[in-house]
Ligand code: GDP
């Protein structure tokens, strides 16, 4: 199940790292997510979109399976990986939001044909400002060869293969072409003051950012990307990823869902949420008066596990959910909830008034509401 993260003795109790995908438009962010998830949202697959709640959870078993070919002896210590799957969602790109504290790490997608583009640099600056670690996915590696060399030298597809294995299948010309483009892009990053290197040649992760070549169409490099993300997170972010009981939770979106009324999609960064919990979120009454909304969680919902994402219109109900997770919450009075703000849980010993005040202080620190329903 989703909450099966009970630690064995002597093991750290870690939550899942949270990852977001950034980059210029059309670099393949949606396609990359689709590829990891095994869905087809990019081409408008109905079910996939219907149940999107802004984040997809990849359980450790799934990551293990996808990365088997890499024969990594590294042990997965995190219960999974939570990927924020609304690239360009305002709550994340807007600096006034709490987005900065949401993502533990990011994938910066660059089109190998186009190199660094205006929004790549924008994303880069945001990541640096937030001090967020990231990995570069150098996407569309099958593109240049198809375009330029047609049948003679084309990239030989190796579906979902690790990148080193896929590279070995290519002709010398294809490898040369790849290396030339890679060098160009490393130079462009250098011009932005950043050292980057192909991930399996990178000896100083942290100082030098890793590049993983990918094809979101045929899956080459996806195992590498997944493994690198998880390994890096659990190795360097133990403190940040340590599970605590204090709830850290952000409202992503406020949505009316048939049969459920007004719901909020949240990202639970840390802690646990339970059905029946009393919560406080920021609200906006009559479009002018800010005020805290105090309500009770009626249902905690998630989409069906990945392979069943196509089942339309139904959600899985949970009695409790541990971080990190993307969750749809149903409760009364959420009509005027504000996206981008924090959700607070009122514990048995908590002072409701103090928590209401805290909720409103968050609001002020964000500034203007980001997204008013
Ligand atoms: P986004 O705007 O960054 O989310 O980009 P999309 O995922 O919508 O992709 C933009 C276009 O690039 C679509 O036509 C995709 O099919 C195509 N695309 C994405 N990834 C790849 C890839 O790895 N190789 C090739 N050849 N095309 C890709």
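We did not get these values from a lab; they are worked out from the coordinates using the rules stated. No experiment lies behind these values; they were computed from the predicted model shown. Here Cβ is always computed from backbone atoms with ideal geometry, including for glycine, and neighbour counts include all displayed protein chains.
Things worth noting here:
- Stretch gain in nm, segment residue 285-residue 160, where the contour uses 0.36 nm per residue and the Cα spacing is subtracted: 40.0 nm
- Which of 362, 26 has the fewest Cβ neighbours within 10 Å, and the rest in rising order: 26, 362
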